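Remarks on the structure that follows.
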Ligand code: ASP
């Protein structure tokens, strides 16, 4: 096993997991799979999540406090945010173009509409309650919500990553503003903590092939009962998949080419495949962060300084796959309900999907509550969510792959423009 590269080991784990899942469904081994295999997947997922919060904090503090001055921070910050926004806007536009051309909602059978609304009505109500709470707040709610009143509360909630990011940035800026000798002990401590966390990631990742095996086997078993959903929602599913594929195979390569004229795509994708596979198996960009970080620095050569800043911020702020999906889902539901969206309304979708993807936490299904806000911004009935919830999990897996590919691509571009490569390995 030692000699097979990690990315191959993970792919083998995934394929075997899928095969096992299919066998289990065929031969009634579902209970055995849920009782004895699924828990290992959960353990692997928990280990990744466990490391995500300390990693975000430590890597951001290390990354920012290691910068030479505040103006370097603002130049890198500005670049990162602009690239994130550009890629997200592209993703939404691609989504809108596809859904308006393919029109998957116009062929959706009426009886299924009623059936799904009954089946998923309760889940929609839950999500709607959560969205109501957000909508009742002032328009500045998003900013207020970024500022924690108790950092320990944020540290104990994986969906509050933006609060941790803000605290880490403030903490690191304060460190930069103080004389070097006053912050030396903390710097040393953070550096060594960072080394320990990186080692921990290595240890956890050695279990990745088994982890993804267990996660995928369990997912197939859990999902087998709902396979008929694919027939009714096939065209919608394919539209989202096509959008995500365009992002990965056309948009990011062009985006990279813009900054690296001689980029070797094969090397680039080979470098990030382990992260993509973990994203696919876990549906969580936050849980995937340790792997993304490791691949981008070790296999692409992005400096730790850039990766430590760009990637943790990207985990919550940059979600290209999610925003592409939100645009498609919103218009799909409008089409099913026979609502014609004007150009202005589609533009509103672009803007709300942009903010919704920034506000969505990098956890499984993290964007559903935010999708409600996109729907209500243009008057699409929220009940329509029931139509798409049944097949959301596989789409969540795929959009998470795109989310982390976007983060990796932007970190590579920022490293290029800042001259921050330890040895470019993709040329
Ligand atoms: N699961 C996605 C992520 O972690 C978020 C979402 O689209 O629901 O990136």
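Assorted remarks:
- The single residue among 19, 11 that is part of a helix (DSSP H, G or I), within 26 Å of residue 273 (Cα to Cα) and at pLDDT below 90 turns out to be 11.
- The listed residue being more than 9 Å from the ligand (Cβ to nearest atom) and closer than 14 Å to residue 332 by Cα, out of 354, 387: 387
- Residues that are more than 26 Å from the chain's Cα centre (by Cα) and closer than 16 Å to residue 222 by Cβ within the stretch 20-33 comprise 20, 22, 23, 24, 25, 26, 28, 29, 30, 31, 32, 33, listed in sequence order.
- Which listed residue, of 32, 50, is free of Cβ contacts under 8 Å to residues at least 12 places away in the same chain, exposed (fewer than 14 other Cβ atoms within 10 Å of the Cβ) and outside any loop (DSSP other than H, G, I, E, B): 32
- Residues of the stretch 78-104 satisfying the condition of being farther than 29 Å from residue 237 by Cβ, out of contact with any helix residue (DSSP H, G or I) (no Cβ under 6 Å at 6 or more places or on another chain) and in contact (Cβ under 8 Å) with a residue 60 or more places away in the chain: 81
- Qualifying residue in the stretch 55-72 (condition: exposed (fewer than 13 other Cβ atoms within 10 Å of the Cβ) and without any contact (Cβ under 8 Å) to a residue 24 or more places away in the chain): yes
The values are calculated or read from the model by the stated rules, or taken from the named source; none is laboratory data. As the structure is a prediction and not an experimental result, all values here were calculated from the model. So basically every Cβ, Gly included, is an ideal-geometry build from the backbone, and we count neighbours across all protein chains shown.
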